[in-house]
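S.K.: One structure coming up, written as structure tokens, with questions to follow.
The values are calculated or read from the model by the stated rules, or taken from the named source; none is laboratory data. Small disclaimer: the values here were computed from a predicted structure and weren't measured. In this analysis, Cβ positions are derived from the backbone assuming ideal geometry, glycine residues included, and neighbour counts consider all displayed protein chains.
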Number of protein chains: 2
Amino acid sequence: MSHKALTPLSFLRRSAEVWSSKIAVIDGDRRWTYAKFGSEVQRVARALRASGVKPGDRVATLMPNVAEMLVAHFAVPLAGAVLVPVNTRLSSSEVNYILGHSGAKVLLADTRLSDLADRSVEGLDGIECVHVGSEPDERGAWAAFLDRAAGETKDLPWTVADEESPIAINYTSGTTGRPKGVVYTHRGAYLNSLGELIHSQHSPASVYLWTLPMFHCNGWCTTWAVTGIGGTHVCLPEVRGEAVWNAIDTYGVTHLNAAPTVVTTILNAAEATSLKTPVRVTTAGAPPSPTMIGHLDRMGFSLVHVYGLTETYGPYAVCEVQPEWEVLAPGERSRLLSRQGVGMIQADELRVVDETMHDVPNDGATVGEIVMRGNNVMAEYYLDPEGTREAFRGGWFHSGDLGVRHPDGYVQLRDRAKDIVISGGENISTIEVEQALVSHPAVMEAAVIGVPDEKWGERPRGYVLLKSDHTVTGPELVAHVQQQIARYKAPREVMVVKALPKTSTGKIQKFVLREEAWAGRGERIQG
Amino acid sequence: MSHKALTPLSFLRRSAEVWSSKIAVIDGDRRWTYAKFGSEVQRVARALRASGVKPGDRVATLMPNVAEMLVAHFAVPLAGAVLVPVNTRLSSSEVNYILGHSGAKVLLADTRLSDLADRSVEGLDGIECVHVGSEPDERGAWAAFLDRAAGETKDLPWTVADEESPIAINYTSGTTGRPKGVVYTHRGAYLNSLGELIHSQHSPASVYLWTLPMFHCNGWCTTWAVTGIGGTHVCLPEVRGEAVWNAIDTYGVTHLNAAPTVVTTILNAAEATSLKTPVRVTTAGAPPSPTMIGHLDRMGFSLVHVYGLTETYGPYAVCEVQPEWEVLAPGERSRLLSRQGVGMIQADELRVVDETMHDVPNDGATVGEIVMRGNNVMAEYYLDPEGTREAFRGGWFHSGDLGVRHPDGYVQLRDRAKDIVISGGENISTIEVEQALVSHPAVMEAAVIGVPDEKWGERPRGYVLLKSDHTVTGPELVAHVQQQIARYKAPREVMVVKALPKTSTGKIQKFVLREEAWAGRGERIQG
């Protein structure tokens, strides 16, 4: 008698009523209450319908972290359509591919990205590009779009017929080959949202700072989750240290999510200062180094370390903190915290398996592939049954990440399969070498790749960014690493650089470094 | 590819792995880790299977809040069976009815309740009564039961085939007529558990004190929820003020759930003292009075006020605290907090409707019936299709509770339909009169019923328990109430009594008071 389809739409239905006069969204000078947020979503959903968007159609976005991007996360599914949030840092040909592959009927593009949007829709039939602008002088196109349903006042229902139907398609960054369309369902997004509220310990008093792009795994579903708990979204179109510290101070930020490289930017900003009230930082995308964990601790941040992929709605695993860790020395505690951990409460198990799908021993040494399954894993790759079958072989989603399982059952990432360095037949985890590099007080960030070596096949090479006002030489860093970890793992050389190539979500693009290093050496041998 | 059936079983699967060495259960001198909790559950589930329990069979319990009762909450569904937790305060004929109606195949009965158990199974065929005892001298029968699967070591899977299949049947207390069997599903129990973790703000550091009986709505699903977050269960077979305060002190209790009368017992215990660290009290079962809310505040408790029924897995609604309430005077704040509020995050709407299923106006005055629906509402009454249809008429579950909706959208309980006093054609909320009575400093608890009146049909009468070392007369209390609320609502007389009749869950049994007052006056006219 009582089945009701799970959907994040119910979150805004509830918050627009329960928290009607509470601030839902802060974006520059704009302040929206939850009542206003709810009515904006209804208005945009009605305009989409009036524009010919039918249930099941795809609606893409090309927007930074602005209020309208939050609106799209609810308005598109409210109109019965599927959200395709496109990475704003892509080239027009990449955006064009995603729009074409997803068959998007509408592209909602921020006016700051109008040129990119216009170039991206070239040659595509049946797509309308709507320019979204909140500034008074930009409102023409957006206001005209909203006016399409001006006569309509009836609210669309905050429900979905089938909880297994798609709510979003998130395209992978695709460092090799074409990006894949990862299909999220209403049910999966709903359950992941509840899990994140629990693990990041959100409450209605949450003030959430948008340092993570909303186009990236729907901001790890936080677009929906923070709305569900009735917290306040603080939009941040650009992540600069000054803006982050300013927002923390001005709005009393309690939570933020960010990749470790973004955390590094925040911690090393000129404005950085010890916090008056704790801010919970949920981090993922790369393992945080013990050095960073210690730094966060001293500044008054509390860390939640999660792990996942686009295919797992963002976070799937969390490094749960055991009570007995409290009494450990900071270094030892940080080492344990830098591991990827265990499945979250709403997820299934986090397994590390060999090629025959058997679990590797809990010895912290045997490397296997990390696999996941259940409600926190995508439904499929869009229009790619073969890729889907391949990814789910044996009934589990294959992450392509290599890891070990420790005696306490915690999983630790060793490397992406393609990032591991194979030197004289030994596997070297570039993550381990990077963490040894950033433990040097002068180093802000590090990346390690394998480079050709006549004798060993490959040897690790390091690239480091230094903190301002610090100096150190490459050979000094090589010596430092040799003191931290096994000598054979130490890089032959470490280059001090001015910048590291990064994705829009702050991941270091090792393939760019590798392409330079291997140029003219033919195909790199895969391990 | 990724659908997985929702079930609370996954909570213990996870916690037995993730929190393997953390204390899961404290019961007297016993301390179980989560690894031990998980293995005990597997052992009992295997013994149930070895005893002939088949998927879908019912297994009843007659147990106070002991470790084995927690075990039963997982072992019975792990064996594929359905848990029927029976209220330990019932008479043998009442227990006999429930065992017969549910068709239970096994009764797990604590040795302290052996006599009741033995009498209760008399005349029933096909039920085995297993005596459960943890004390060394009582272990014979229990140890022999566990030995039935001694050869088996293979773990049963922590999964269920269909998330809509039943996990438990909880019988209503049935103050009139036969108790009804309320069917909970795996899906409903799972979602309600996540919702309670979020609203009561649990974390793995939770130390949860079992002041609420586990047999009552499965302890509002907290049996499952606290296990899911990896908190520590502190069992308390009997709720006395001394034992509660002792446990708070000894184990660092962070959370407890209790009906307001139990909260009154705790607050007025000789051992009561201001808390050093806050304890979150989640209360339901009757509206907490503003007086109690103020008292909790001053002692350092933080209140979560929820509302629900057996038919809604326990809590369905929560009185969310709006930020602007913080600055209100304590009395005004308490008045707002004593309302039943809004649907929880995992629930659907909380509506107040008239007889044609239209919402009453948000005027805080028009009384209607409170209705609910969705995943947080029972599947059905067991073997009672007609009762189920009647309860769900119009597609919503009819609570039988009368309430109003305030301009801010919050619902306030006025009375059970049968508790309301109709005097001279005016409805008088007994809750309102009771709250006026307990606002007198000498009064600990109050109950108000309607008694026959020649002129008005009915008039309210009050019954009060005084705090120790306090005195006040009935007429003084009548005068006190007349100063608080409309004169026509004030009771004609207030009787100072030594005890009030209560259910095992601490609800005052007004029907007992009414039966005495109406004795020899024929049928009471229903409003």
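S.K.: What is the residue count in segment A:91-118 for residues that are modelled with pLDDT under 95 and small (Gly, Ala, Ser)?
M.R.: 4
S.K.: Going residue by residue through segment A:168-182, is there one that turns out to be more than 9 Å from chain B (Cβ to nearest Cβ), over 14 Å from the mean Cα position of the chain (by Cα), over 17 Å from A:ALA104 (Cβ atoms) and crowded, with 24+ Cβ neighbours inside 10 Å?
M.R.: no
S.K.: Here's something else I'd like to know. Every residue in segment B:441-485 that is polar (S, T, N, Q), more than 23 Å from B:ASP415 (Cα to Cα) and modelled with pLDDT under 90, please.
M.R.: B:SER468
S.K.: Are any residues in segment A:34-55 in contact (Cβ under 8 Å) with a residue 24 or more places away in the chain and either within 14 Å of chain B (Cβ to nearest Cβ) or touching a Ser or Thr at 6+ places or on another chain (Cβ under 8 Å) (or both), and if so, which ones?
M.R.: Once the filter is applied, which keeps residues that are in contact (Cβ under 8 Å) with a residue 24 or more places away in the chain and either within 14 Å of chain B (Cβ to nearest Cβ) or touching a Ser or Thr at 6+ places or on another chain (Cβ under 8 Å) (or both), segment A:34-55 yields A:TYR34, A:PHE37, A:GLY38.
S.K.: Here's a follow-up. I'd like the full set of residues that are within 23 Å of A:VAL44 (Cα to Cα) and under 21 Å from the mean Cα position of the chain (by Cα), limited to segment A:78-94.
M.R.: A:VAL82, A:LEU83, A:VAL84, A:PRO85, A:VAL86, A:ASN87, A:THR88, listed by residue number.
S.K.: Which residue out of B:ASN376, B:ASN427 is surrounded by fewer than 23 Cβ atoms within 10 Å (Cβ to Cβ), in contact with a Leu (Cβ under 9 Å, 6 or more places away or on another chain), polar (S, T, N, Q) and outside the structural domain of B:CYS217 (by TED's automatic domain parsing)? Walk me through how you get there before you give the answer.
M.R.: Working: B:ASN376 fails: surrounded by fewer than 23 Cβ atoms within 10 Å (Cβ to Cβ).
Matching residue, one of B:ASN376, B:ASN427: B:ASN427.
S.K.: So A:THR388 passes all but one of these: (1) within 9 Å of chain B (Cβ to nearest Cβ); (2) of a type in the set (Ser, Thr, Tyr); (3) closer than 23 Å to A:LEU336 by Cβ. Which condition number does it fail?
M.R.: Looking at each condition in turn, A:THR388 falls short on (3).
S.K.: Could you tell me whether B:ASP384 is under 30 Å from A:LYS22 (Cβ atoms) and surrounded by fewer than 19 Cβ atoms within 10 Å (Cβ to Cβ)?
M.R.: On the way: under 30 Å from A:LYS22 (Cβ atoms): no; surrounded by fewer than 19 Cβ atoms within 10 Å (Cβ to Cβ): yes.
So B:ASP384 fails the test.
S.K.: Step by step: first the residues of segment B:349-365, then only those that are within 21 Å of B:SER338 (Cα to Cα) and more than 27 Å from the chain's Cα centre (by Cα), then the one that is modelled with the lowest pLDDT. Which residue is that?
M.R.: B:ALA365
S.K.: Identify all residues within segment B:458-479 that are buried (at least 21 other Cβ atoms within 10 Å of the Cβ) and within 17 Å of B:LEU500 (Cα to Cα); write none if there are none.
M.R.: B:PRO460, B:ARG461, B:GLY462, B:TYR463, B:VAL464
S.K.: Quickly run through segment A:183-223 and pick out the residues that are within 11 Å of chain B (Cβ to nearest Cβ) and touching an Asp or Glu at 6+ places or on another chain (Cβ under 8 Å).
M.R.: If the condition is that a residue be within 11 Å of chain B (Cβ to nearest Cβ) and touching an Asp or Glu at 6+ places or on another chain (Cβ under 8 Å), then A:VAL183, A:THR185, A:ARG187, A:TYR190, A:HIS202, A:PRO204 are the ones that fit.
S.K.: Given A:ALA447, A:ALA442, which one is surrounded by fewer than 22 Cβ atoms within 10 Å (Cβ to Cβ), within 27 Å of A:VAL262 (Cβ to Cβ) and among the hydrophobic types (A, V, I, L, M, F, W, C)?
M.R.: Answer to the check: A:ALA442.
S.K.: Regarding B:VAL404, is this residue in the same structural domain as B:PRO491 (by TED's automatic domain parsing) and among the hydrophobic types (A, V, I, L, M, F, W, C)?
M.R.: no
S.K.: What number of residues within segment B:237-286 are under 24 Å from B:ARG112 (Cα atoms), aliphatic (A, V, I, L, M) and not in a helix (DSSP H, G or I)?
M.R.: Number satisfying all stated conditions: 2.
S.K.: Name the one entry in B:GLY527, B:GLY522 that is loosely packed, with under 13 Cβ neighbours inside 10 Å, under 17 Å from B:VAL451 (Cα atoms), at pLDDT below 70 and among the small types (Gly, Ala, Ser).
M.R.: Only one candidate passes the filter, namely B:GLY522.
S.K.: Go through segment B:480-511 and report how many residues are under 24 Å from B:GLY308 (Cβ atoms), crowded, with 16+ Cβ neighbours inside 10 Å and either among the hydroxyl-bearing types (Ser, Thr, Tyr) or without any contact (Cβ under 8 Å) to a residue 40 or more places away in the chain (or both).
M.R.: Qualifying residue count for the region: 3.
S.K.: Can you tell me which residues in segment B:15-33 are among the basic types (Lys, Arg) and more than 11 Å from chain A (Cβ to nearest Cβ)?
M.R.: Of everything in segment B:15-33, those that are among the basic types (Lys, Arg) and more than 11 Å from chain A (Cβ to nearest Cβ) turn out to be B:ARG30, B:ARG31.
S.K.: Follow-up question, since we're still on this one. Would you mind stating whether B:VAL342 is in contact with a helix residue (DSSP H, G or I) (Cβ under 9 Å, 6 or more places away or on another chain), within 14 Å of another protein chain (Cβ to nearest Cβ) and at pLDDT 95 or above? Before the answer, list the steps.
M.R.: Working: in contact with a helix residue (DSSP H, G or I) (Cβ under 9 Å, 6 or more places away or on another chain): yes; within 14 Å of another protein chain (Cβ to nearest Cβ): yes; at pLDDT 95 or above: yes.
It is true that B:VAL342 is in contact with a helix residue (DSSP H, G or I) (Cβ under 9 Å, 6 or more places away or on another chain), within 14 Å of another protein chain (Cβ to nearest Cβ) and at pLDDT 95 or above.
S.K.: Can you tell me which residue among B:LEU48, B:LEU6, B:LEU78 is surrounded by 24 or more Cβ atoms within 10 Å (Cβ to Cβ) and not assigned by TED's automatic domain parsing to the domain that holds B:ILE127?
M.R.: Testing whether each residue is surrounded by 24 or more Cβ atoms within 10 Å (Cβ to Cβ) and not assigned by TED's automatic domain parsing to the domain that holds B:ILE127 leaves just B:LEU6.
S.K.: Which residue is surrounded by the fewest Cβ atoms within 10 Å (Cβ to Cβ), if the candidates are limited to segment A:236-272 and must be among the hydroxyl-bearing types (Ser, Thr, Tyr) and more than 17 Å from A:MET292 (Cα to Cα)?
M.R.: Among those that are among the hydroxyl-bearing types (Ser, Thr, Tyr) and more than 17 Å from A:MET292 (Cα to Cα), it is A:THR250.
S.K.: So B:LEU12 ticks every box in (1) within 14 Å of another protein chain (Cβ to nearest Cβ); (2) in contact with a Leu (Cβ under 9 Å, 6 or more places away or on another chain); (3) farther than 19 Å from B:THR159 by Cβ but one. Which box is left unticked?
M.R.: (3)
S.K.: Which one of the conditions (1) hydroxyl-bearing (Ser, Thr, Tyr); (2) under 27 Å from B:THR172 (Cβ atoms); (3) modelled with pLDDT under 85 does B:TYR488 fail to meet, given that it meets all the rest?
M.R.: With (1) hydroxyl-bearing (Ser, Thr, Tyr); (2) under 27 Å from B:THR172 (Cβ atoms); (3) modelled with pLDDT under 85 applied to B:TYR488, the lone miss is (2).
S.K.: Here's a check for you: in segment B:277-330, which residue that is among the charged types (D, E, K, R) and closer than 25 Å to B:SER429 by Cα is nearest to the other protein chains (Cβ to nearest Cβ)? Give the steps one after another, and end with the answer.
M.R.: Start the filter on segment B:277-330 by keeping residues that are among the charged types (D, E, K, R), which leaves B:280, B:297-298, B:311, B:320, B:324, B:326.
Filter again for closer than 25 Å to B:SER429 by Cα, leaving B:311, B:320.
On the way: B:GLU311: 9, B:GLU320: 6 Å.
Looking at the filtered set, the residue picked out is B:GLU320.
S.K.: Still on this structure: How many residues does segment A:299-358 hold that are under 24 Å from A:GLY394 (Cα atoms) and assigned to a loop (DSSP other than H, G, I, E, B)?
M.R.: Total satisfying the criteria: 14.
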